[in-house]
Every structure is written in C-alpha cells, then in structure tokens.
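One structure below.
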Amino acid sequence: MKPAAFDYYKPETLDEALSLLDEFGYDAKILAGGQSLIPMMNMRLARPPVLIDINGVPGMTGIEVGDSEIVIGGLTRHYMVEHSAEIRSSCPMLAEGIKLIGHSQIRSRGTIGGSIVHADPTAELPVMLTALGGKVTVVSSGEERELTPEELFLTYMTTTIEPNEIVKSVHFPVIAERTGHAIEEFTLRSGDFAIIIAAASVTLDEEGLIESAALCIGGVDGVPVKLDDVTDELIGHAPSDELFEESCAPITDMVEPEKDIHASVEYRKDLCVALSRRVLKKAADEAKLA
Amino acid sequence: MTEKTAESNRLKTITLKVNHKEYTVDVEPRMLLSDVLRDILRLTGTHVGCEHGVCGACTITMDGRPVRSCLVFGVQADQADIVTVEGLESEDGELHPLQKGFWEKHGLQCGFCTPGMLMTACHLLEHNPDPSREEIREAISGNLCRCTGYQGIVDAVEYAAKEMRERAE
Ligand SMILES: Cc1cc2nc3c(=O)[nH]c(=O)nc-3n(C[C@H](O)[C@H](O)[C@H](O)COP(=O)(O)OP(=O)(O)OC[C@H]3O[C@@H](n4cnc5c(N)ncnc54)[C@H](O)[C@@H]3O)c2cc1C
Ligand code: FES
Ligand code: FES
C-alpha cells in the first residue's frame with residue numbers, strides 16, 4: 001500500500017503556508033504529524049494532490065502556562081505535552097489523557113492540532129477539550145478566529161475549520177482551586193482507539209460540596225457529548241458513591257451509541273455509566289486533596 | 001501554477017544520518033521513510049508489515065524518539081538522525097544487550113517483529129533502566145508479534161535491562 005503521487009511544499013513561515021492554502025484550496029492538505037493522514041494516504045483512502053508540510057513553520061510549537069490559561073501551539077507533539085511537568089500540575093487531565101493516545105511511537109510525531117482537526121469522536125483530545133471548555137485559535141490569511149468545542153466539532157471527522165485555515169494554538173484552562181480532573185477509557189488493548197472515553201472535572205466549595213462539575217463522553221456520537229443534565233444534579237451535594245451512582249444511572253437513556261463488532265449498544269451504554277461514575281468519583285477525590 | 005507543480009513533484013535531494021553515517025539521496029515525495037531505508041539505502045533490517053502504523057515492525061528512532069518509519073515521508077527525514085536495528089550492535093560487532101537478551105531468552109521465533117521490538121525496547125531502557133514487567137508490556141504494546149506470546153520478549157527486555165545496569169556500574 002503506497003500513497004498516490006502528490007506535490008510537496010514545505011513553507012518556512014506561517015504566511016507562506018497560508019498563501020499556499022489560498023492558492024490550492026480544496027486540493028491541498030496540511031501535513032502535521034502525519035499519524036492520521038499518512039495511514040489514510042497509504043491505504044489510498046485519501047489522495048490529496050498537494051501536501052503542505054508545516055513542520056518547518058516556526059512559532060507553532062510550544063507550551064505556555066499562564067495564570068488562567070494554557071496555550072499549546074498547534075504543532076506541539078503529543079510526547080511534549082505528555083512529558084511536561086508544567087502541564088501535569090496545571091492541567092492534570094491533559095497529561096493523563098495524552099498518554100492514552102496510541103503508542104509512544106505515535107506520540108513522537110502526532111500533534112495537538114492534528115488530533116483536533118482529525119476530529120475522531122473516540123479520540124482523547126476532542127473529549128478533553130469539550131470537558132474542560134477549551135478553545136481553538138485558527139488563522140487564515142489576514143484573519144484569526146477563536147472556536148469553542150461546540151462551534152468546532154460538526155460530526156465524525158468533520159470540523160468547521162475551513163480549508164484555508166490552520167490551527168495555530170489550542171487553549172485549555174488552568175485547573176481551578178479545589179478542583180479535580182479525571183479521564184478514563186475502555187480499549188481492547190493498551191494504546192488502541194477507545195470504545196468509550198469519559199472525562200470529568202469537579203470543583204468543590206469551601207464546605208466540600210460540589211460547586212461545579214463537567215462530564216463528557218466520547219464514542220457515542222459524531223462529536224464528544226457533554227452531559228450537563230447529569231452534572232447539574234450534582235451541584236450543592238457532597239460527593240459520595242451513592243450520589244454518583246444515582247446521577248449516572250439515567251445516562252443509559254441519554255446516549256445513543258452504535259454497535260459494531262467490538263461491542264453491542266447495551267455494552268457501550270453500560271460502559272458510559274460505569275466510566276462516568278468512575279471519573280466523577282476520581283475527580284471529586286482529587287478535588288478533596290487539592 | 002503548472003510550473004510550480006512540476007517543480008514540487010520532482011525528486012527531492014535529502015541528506016540524512018543513518019546509524020552515524022551520512023547519506024545524500026534523491027527521493028520522490030510520496031516515498032515512505034521505510035522504503036527509503038530498505039530500497040535506497042538497502043538497510044532491510046527495518047521491516048514493513050501493515051504500512052498504517054499498527055504493527056510496529058518498521059519502528060526506528062528519529063532524533064532520539066521511536067517513530068513509525070511507514071508514517072513519515074522520506075523527504076521529511078531531511079537532516080534527521082536515524083537509528084535502525086542495524087545500528088544496535090557495536091562497531092566491533094558485539095551484540096547489543098537487547099539482541100543478546102532476545103537470543104538468550106527466546107524472544108523471537110520468525111523474527112519479523114524483532115527489529116521494531118528491539119528499537120522500541122531500546123528507547124524504553126534508555127529512559128527507564130529498571131522497568132517492571134508491566135512497564136515493559138505497556139512499552140511494547142505498539143508492536144505486534146504473531147509468534148511468541150510476548151513472554152520471551154518480556155524476559156529478554158528484563159535480561160537486557162539487568163545486563164545494562166550491571167555494565168553501567
Ligand atoms: C496505530 C495508531 C493508533 C492511534 N491511536 C490513537 C488514539 O488512541 N487516540 C487518538 O486520538 N489518536 C490516535 N491515533 C491518531 C494520531 O494520534 C494522530 O496524532 C492524530 O489524530 C493526528 O495528528 P497528526 O499531527 O499526526 O495529524 P495529521 O495526520 O498530520 O493530520 C490529520 C488531519 O488534520 C489536518 N491538520 C493537521 N494539523 C493541522 C493544523 N495545525 N491546522 C489545520 N489542519 C491540520 C491535516 O490536514 C489532516 O486532515 C492513532 C494513530 C495510529 C497510527
Ligand atoms: S509497517 Fe509501519 S507500523 Fe506496520
Ligand atoms: S517473532 Fe514472529 S512475529 Fe514476532
């Protein structure tokens with residue numbers, strides 16, 4: 001399986017990359033880590049006539065942790081986030097979740113921007129971005145705009161990013177006080193794509209009652225699904241096994257996963273409930289320690 | 001635009017270091033790094049199984065990180081520092097402790113997955129000289145083996161880790 005021939009460009013500035021996108025339009029594809037695009041090209045599921053390799057574009061790699069926001073360059077590779085001590089303390093879920101992406105050999109090359117644009121509904125980054133309420137900055141020639149996850153993800157492998165746009169950076173909030181994060185997924189083998197992923201964030205007030213919470217599930221729809229109806233019920237209560245059990249039980253009726261050879265609909269629903277319970281509890285436990 | 005297209009599609013000249021030796025070669029942009037290594041440089045130790053990143057047979061290290069050579073275009077390896085399985089043994093031909101470990105502990109049968117296993121394990125031991133069996137299993141989870149049941153491979157990596165720690169002392 002070999003890719004079809006293509007024209008290869010390696011721009012040296014962001015402006016140059018953007019003007020190539022303007023010139024070639026739908027014919028062009030950006031090549032970042034290549035860990036999703038190259039497999040598709042090898043199988044000839046994708047045969048883009050033009051590839052614009054952005055690996056030589058300066059200023060798109062790096063992690064900046066501010067007081068309230070973490071800014072990660074679109075070209076930052078997964079392993080860099082995985083091994084960042086700053087990320088581990090400022091956004092524990094991100095460090096933990098990135099480790100679940102494929103295998104170390106994939107994380108060596110794959111990028112944050114690439115994962116977001118690829119928009120696989122069982123991928124970790126879209127789920128974390130949605131659970132944490134992050135943002136994405138995209139640029140085109142002469143323009144820049146910010147997108148929330150709700151504005152960004154349309155359906156399976158589809159986002160609202162235009163063919164002339166590049167993801168410049170991805171933004172996550174710094175973990176707030178008295179807050180805990182957790183992400184868990186079920187895979188058939190370590191490193192495989194998840195069947196179901198759940199991610200949660202829980203903030204406690206000074207009395208130890210739940211002040212706010214977020215829960216997001218991947219693998220049940222074309223986009224990550226945020227379950228505000230579940231987390232709204234938690235507010236004002238003390239975290240307990242019973243509370244999470246009770247509030248997560250109705251998730252069975254809230255999600256509509258599809259079946260495939262790996263798991264039935266019922267099994268996936270059970271996973272949603274079990275993983276949700278687990279991440280909420282884990283996040284609450286972390287919040288107590290914070 | 002046609003002029004530009006013809007230009008960008010042509011053979012590209014790249015220079016890369018493989019196992020400490022520098023090579024300058026012409027490659028078509030669509031040529032995978034695994035094919036550059038095997039077909040142009042004749043370094044056929046790097047195996048090709050699935051060509052979509054799943055089996056791990058083609059794993060090499062690129063600038064010190066383990067990478068699927070079937071998921072990198074050769075043109076992208078311009079100026080890169082690459083180590084393949086051929087680069088593991090020392091100059092005087094002594095086997096790397098990992099190679100010895102695979103020999104001693106029956107870490108291979110057909111040997112198809114072995115180059116990728118070795119390169120992945122090599123990176124693990126560089127960063128974690130005393131991994132648990134669990135950590136070894138997790139590290140090699142991106143490398144498929146159809147023959148061994150992994151038991152011998154895990155034993156081999158443990159053996160090599162011990163050997164390397166003793167050498168370092
Ligand atoms: C064996 C294997 C297992 C994997 N397992 C997982 C997993 O468990 N979880 C997971 O999330 N992923 C997994 N992946 C996918 C991989 O993690 C990729 O890192 C990721 O999805 C794509 O990132 P990339 O940088 O490699 O993007 P590319 O492959 O380079 O690009 C992907 C798409 O995004 C576009 N693009 C890339 N960067 C930008 C940008 N900055 N702006 C605009 N468009 C851009 C490209 O044009 C292309 O359409 C796996 C891959 C393999 C081969
Ligand atoms: S050939 Fe590269 S991972 Fe299988
Ligand atoms: S030894 Fe045959 S595939 Fe691993």
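The values are calculated or read from the model by the stated rules, or taken from the named source; none is laboratory data. The structure presented is a predicted model; accordingly, all values stated were derived computationally and were not measured. Positions of Cβ are generated from backbone atoms using ideal geometry, with glycine treated the same way; all protein chains shown enter the neighbour counts. Ligands, DNA and RNA are stripped out before the accessible areas are found, and what is left, the full protein with its side chains, is counted by its heavy atoms. Shrake-Rupley method; radii C 1.70, N 1.55, O 1.52, S 1.80 Å.
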Inside region A:245-290, can you point out the residues that are open to solvent by 20 Å² or more (accessible area, probe 1.4 Å), at pLDDT 95 or above and under 24 Å from A:R88 (Cβ atoms)?
A:R278, A:K281, A:K282, A:D285, A:E286, A:K288
Given the conditions (1) modelled with pLDDT under 95; (2) farther than 18 Å from A:S190 by Cα, which single one is not true for B:P129?
(1)
Filter region B:61-81 for residues that are surrounded by 24 or more Cβ atoms within 10 Å (Cβ to Cβ), in contact with an Asp or Glu (Cβ under 8 Å, 6 or more places away or on another chain) and more than 10 Å from every other protein chain (Cβ to nearest Cβ) and give the result.
B:G74
Of the residues B:R146, B:R165, which is surrounded by fewer than 17 Cβ atoms within 10 Å (Cβ to Cβ), part of a helix (DSSP H, G or I) and modelled with pLDDT of 95 or more?
B:R165
In region B:58-67, which residues are over 8 Å from the mean Cα position of the chain (by Cα) and assigned to a loop (DSSP other than H, G, I, E, B)?
B:D63, B:G64
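Here's the yes/no breakdown for (1) surrounded by 23 or more Cβ atoms within 10 Å (Cβ to Cβ); (2) touching a Lys or Arg at 6+ places or on another chain (Cβ under 8 Å):
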position: A:L51; (1), (2): yes, yes
position: A:V57; (1), (2): yes, no
position: A:E64; (1), (2): no, no
position: A:E82; (1), (2): no, yes
Members of region B:120-148 that are in contact with a strand residue (DSSP E or B) (Cβ under 7 Å, 6 or more places away or on another chain) and away from ligand 1 (no atom under 16 Å from the Cβ)
B:H123
Exception for A:E185 within (1) acidic (D, E); (2) in a strand (DSSP E or B); (3) modelled with pLDDT under 95 falls at (3)
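Determine whether A:T130 is farther than 30 Å from A:A238 by Cα and among the β-branched types (V, I, T). Steps first, answer last, please.
Values: farther than 30 Å from A:A238 by Cα: no; among the β-branched types (V, I, T): yes.
No: the conditions fail for A:T130.
Please go through region B:68-90 and give me each residue that is of a type in the set (S, T, N, Q), over 10 Å from the mean Cα position of the chain (by Cα) and not in a loop (DSSP other than H, G, I, E, B), ordered by number. Lay out the reasoning, then the answer.
Start the filter on region B:68-90 by keeping residues that are of a type in the set (S, T, N, Q), which leaves B:69, B:76, B:79, B:84, B:90.
Next, from what is left, pick out any that are over 10 Å from the mean Cα position of the chain (by Cα): B:76, B:79, B:90.
Within region B:68-90, B:Q76 is the sole residue that qualifies.
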Being out of contact with any Ser or Thr (no Cβ under 8 Å at 6 or more places or on another chain), free of Cβ contacts under 8 Å to residues at least 24 places away in the same chain and either open to solvent by less than 50 Å² (accessible area, probe 1.4 Å) or assigned to a helix (DSSP H, G or I) (or both) narrows it down to one of B:G93, B:G101, B:G152, so name that one.
B:G93
Counting only residues in region A:32-53 that are over 16 Å from B:V67 (Cα atoms) and either among the polar types (S, T, N, Q) or not in a loop (DSSP other than H, G, I, E, B) (or both), the one nearest to the other protein chains (Cβ to nearest Cβ) is identified as A:N42
With the condition kept exactly as written, say whether any residue in region A:95-104 is buried (at least 24 other Cβ atoms within 10 Å of the Cβ), in contact (Cβ under 8 Å) with a residue 12 or more places away in the chain, more than 23 Å from A:L31 (Cβ to Cβ) and not aliphatic (A, V, I, L, M).
yes
Do you know which of the residues in region A:1-31 that are in contact with a helix residue (DSSP H, G or I) (Cβ under 7 Å, 6 or more places away or on another chain) and more than 9 Å from every other protein chain (Cβ to nearest Cβ) is farthest from A:P163 (Cα to Cα)?
A:E12
